[in-house]
1. Expected output is a single nm value to one decimal: the length gained when fully extending between E227 and I212, i.e. 0.36 nm times separation in residues minus the C-alpha distance. What is it?
2. Assuming R0 = 22 Å, what is the FRET efficiency of D88 and D30, from their Cβ-Cβ distance, to the nearest 0.05?
3. To check my understanding: the extent here is largest minus smallest coordinate of the Cα atoms along each principal axis. What are those three numbers for the stretch 101-233, in Å, largest first?
4. Rounded to the nearest whole Å², what accessible area per residue is found for the chain with the 1.4 Å probe?
5. Could you check the simple spin-label distance between T112 and E59, using points 7 Å along Cα→Cβ, in nm with one decimal?
6. With unit charges on the beta carbons (Lys and Arg positive, Asp and Glu negative) and the dipole taken about the Cα centre of the stretch 157-289, which residue among M173, G284, I218 sits farthest to the positive side?
7. For the stretch 76-111 and the stretch 171-230, what is the separation of their Cα centres, given in Å?
8. So which residue, out of Q71, Q172, Q277, gets the largest mean-square fluctuation from a GNM of the chain using Cα contacts under 10 Å as springs?
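The values are calculated or read from the model by the stated rules, or taken from the named source; none is laboratory data. Because the structure is predicted, anything quoted here is derived from the model rather than measured. Quick reminder, even Gly has a Cβ in these numbers, built from the backbone with ideal geometry, and neighbours come from all protein chains shown. Remember, those area values only see protein heavy atoms, side chains included, never the ligands or the DNA or RNA. Shrake-Rupley method; radii C 1.70, N 1.55, O 1.52, S 1.80 Å.
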Amino acid sequence: MNNMSTKTLVVAFSLCLAALVTRATPIPADCQIGGFALGCQAWSFKEYTVFEAIDKTAEAGGKVIEFYGGQRYSADKPDLKFDHNATDEMIAAVKAQLAKRGIRAVNYGVITIPKDEAAARKIFEFAKKMELYGITTESVDAIDTIEKLVKEYDIHVGFHDHPRRPNDASYQMWDPNYVLSVVKDRDARIGSCADVGHWVRSGLNPVDCLKILKGRIISVHLKDLNEKSPAAHDVPAGTGVSGIADILTELKHQDFVGNISIEYEYHWNNSVPEIAQSVGFVRGYGSAH
């Protein structure tokens, strides 16, 4: 083999290796509803346990779930919390319940990721054990640590937006331009967890925000709101002012492959029918498109 052939093979191998390093395992196609990996953010069921949240996600027709840190673990062990400090036994029991109900865990957040690598690694280890696609955070100050661990663990990280805070100018995550400035020069697996309802509460157009962050949308918190106001409350998808169909169209246009978590922060004790209606809207959108 001549030197030119050797060099060609080395370059080809390097390119293949780079592709493997920068591409995380996709969410399985059987998790899709209406063309999207769709389910619930467990925060929708914060009044219940993790096991109940899994059950309610299944009852609402979802296929995936995004956990948050600190939800009560189970009815028979109410003092335990489920987060990245969970024991292997707790994780195994939760994964068994997920399998039983046909739900896939895909994300975890919104969680604070510390700068300290050892402490941050604990979160990524949990995500690895749970076989998650991503982690959701607002820990901009830990971006260097996050990027290092994203590359090591091949797990996505999305920066989440809460609403604009009129009395706190230091909070900038509500602004998609700021989120873009944080992630644009980072590993491609670092981007935005687009909370479209919070964008509406901040006086923004969600589709415009998605366009600003094109190519960097890691996951979505789907909310439809009853009005364009900071005091707005959630309503079933397609019945409010958020423009859910236009949001889905833009995500489809961007070839979005992350998870959509319905985060329903209203009627906390009886939200399954309204979440099911939201699932139905996305299913119907997919059938029509």
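1. Details: separation 15, 0.36 × 15 = 5.40 nm, distance 2.33 nm.
Length difference between fully extended and current span is 3.1 nm.
2. Using R0 = 22 Å, I get an efficiency of 0.25.
3. Largest to smallest, the principal-axis extents are 41, 39, 26 Å.
4. Details: 13230 Å² over 289 residues.
That works out to 46 Å² per residue.
5. 3.3 nm
6. Result: I218, furthest along the dipole toward the positive end.
7. Computed from Cα coordinates, the inter-centre distance equals 27 Å.
8. Result for the chain, Cα springs under 10 Å: Q172 fluctuates most.
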